[in-house]
Amino acid sequence: MRLAQTTAVLLSAALILAGCSEQASQQATPQGPMMTIDVASVQMQPAQRWHSFTTRLEAPSKVALKSRVSGQITQTFFSEGEQVQKGQPLFQIDPRPFAAQVDRLKAQLISNSAALAQAEREAQRAQRLLAKNAMSTEQAGQRDAILKQRQAERSALKAELQAAELDLAFATIRSPINGVISRAEITAGNHITAGQDVLTRIVSNDRVYAYFNVDERTWYQDFAGINAQSQARVILQNLRKSAEGEAITGRIDFIDNEINARTGTLRIRAVFDAVAHQLKPGAFARINLAAQGASPTAIVPERAIGTDLKNRFVLTVDGDNTLQYRRVQLGERYGEFRAIQSGLEPGELVVANGPARVGPGMTVSVNEIPLNFSDTRFVMAPAQGADNALSAAR
């Protein structure tokens, strides 16, 4: 009986001591202040929806240069990779065989002229004699036939001489376009065959084209109001900016006349000033084209977006200042800001600097910061200077 009472007393004392120890611990460790974080309110802005298309830049004109006559190359007149002008001599084929042919035909033409003059005199004399019944009709007809033969020979010789003079001119191979020339595929001393051997390649470099395909649904939904005359503006993505720091812009100058029934897409072409932006044909690029018209769009800071496996999310602040995980669907990026297609409502507060130092479930103190859109373009504005440069390039 006494043992049981002693045990009960000891247990009571232990519980009292434990309670005192916990209370002392709580008093010794004061609770820290809540973290203060920057938050921003979801804003609605009129913004254009952008579509991105894959393309390769192409030269409007490109030539695989071939000779129009056969012969041996004796000289080249250009430096590989340089700018050449239309009509500039590039290669020289040995002109002597062609010059000799021209001289031979000129001599034949002189001989024919003498024969033709004699035939004309004989035909005229025959007509006088025939009028006096001093020559038969058959003899007069023979002399007239000789005259016509000499006239035909003269016409044939003139045509041959013209062709020979063209061959002589073609022996100097000239650039058919303005552009940049590649390396010489065939050098001096080699014999070439007319229309077969590629001597070099030339591409124009004043403008570049970018062809891309728009699917039928997107065309009717966002671009149906565009035509080649409207000169809708496009932006080259993932290429360096212009010298002024602006994105490289161009305009639509061709829209095909029908949708491809096999692919369900419409072929469109944009044109860019290659000289001003030093663009090279063959470069891979992505084109951004804005939808016609702007619509109200939810906007948040780009840095507010977090990544969780395959999901994009933001941290919102509820009425108790507790952070909540919210999955969102992203839209276009506009500089430092991002459009949100779904997941947020106007006026909701999001963590402005993202989830780097905070996480869902935390209770925080908030500092709401304003969003400054003054340097952000949500709607594509015309750039008259670029249009003038393109017009001059044409």
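Any read-out appearing in this document is the output of simple, stated calculations on the displayed coordinates, not a laboratory observation. This structure is a prediction, so every number in the text was calculated from the model and none was measured. FYI the Cβ positions are ideal-geometry reconstructions off the backbone, even for glycines, and counts take in every protein chain you see.
Which residue fluctuates most in the GNM of the chain (Cα springs below 10 Å): 356, 131, 107? Greatest mean-square fluctuation among the candidates belongs to 131.
Could you tell me which of rounded, prolate or oblate describes region 98-232, using a ≥ b ≥ c as the square roots of the eigenvalues of the alpha-carbon gyration tensor, with rounded for a/c under 1.5 and, failing that, prolate when a/b is larger than b/c and oblate otherwise? Verdict is oblate for region 98-232.
Over 32 Å between Cα atoms: which of 106/132; 66/158; 66/280; 106/148 fall into that group? Violating the 32 Å Cα-Cα cut-off are 106/132. Estimated purely from DSSP H runs of n ≥ 4, each contributing -39500 (n - 2.57), the mean residue ellipticity at 222 nm for the chain is -10000 deg cm²/dmol once divided by its residues. Working from Cα pairs under 8 Å separated by at least six residues, relative contact order for the chain is 26 percent.
By DSSP, the beta bridges lying fully in the chain are antiparallel in about 95 percent of cases.
In straight-distance terms, cross-link reach from residue 86 covers every one of the aspartates and glutamates whose alpha-carbon lies under 17 Å from its own, apart from those fewer than eight places away in the same chain; here that gives 206.
Seen against the Cα atoms of the chain and their longest principal axis, helix 96-131 is set at about 40 degrees. Residues whose amide H comes within less than 5 Å of that of residue 336, counting only those at least five positions distant or on another chain, are absent (H built at 1.01 Å from N in the peptide plane). In the chain, the longest principal axis of the Cα atoms and the axis of helix 2-28 are about 50 degrees apart.
Here the ratio of the Cα radius of gyration of region 95-170 to 2.2 N^0.38 Å is 1.49.
Along its three principal directions, the equivalent ellipsoid of the chain from the Cα gyration tensor extends over semi-axes of 91, 24, 17 Å, largest first.
Label point of residue 104 set 7 angstrom out along Cα-Cβ; within region 41-71, amide nitrogens under 16 Å from it belong to 70-71.
Extending 7 Å from the Cα toward the beta-carbon at both residue 215 and residue 43 defines two label points whose distance is 3.3 nm.
In order along region 259-276, the phi-based Karplus estimate (6.51 cos²θ - 1.76 cosθ + 1.60, θ = phi - 60°) of 3J(HN,Hα) comes to 7, 5, 5, 6, 9, x, 10, 10, 7, 10, 10, 10, 10, 10, 6, 6, 5, 5 Hz; Gly and Pro are listed as x. Axis of helix 137-170 versus longest Cα principal axis of the chain: the two differ by about 30°, to the nearest ten degrees.
Rounded to the nearest 20 debye, the dipole magnitude of region 95-170 is 300 debye, with +1 charges on Lys and Arg beta carbons, -1 on Asp and Glu beta carbons, and the Cα centre as origin.
Distance between the C-alpha centres of region 195-231 and region 241-318: 16 Å, rounded to the whole angstrom.
Decide, for region 260-307, between rounded, prolate and oblate: order the square roots of the alpha carbon gyration tensor eigenvalues as a ≥ b ≥ c, take rounded if a/c falls under 1.5, and otherwise choose prolate if a/b is larger than b/c, else oblate. Cα axes put region 260-307 in the oblate bin. The peptide list 109-122, 197-210, 42-55, put in order of mean Cβ contacts within 10 Å with the highest first, becomes 197-210, 42-55, 109-122. Placing unit charges on each Cβ (+1 for Lys and Arg, -1 for Asp and Glu) gives region 95-170 a dipole about its Cα centre, and among 108, 137, 168 the Cα reaching farthest toward its positive end belongs to 137.
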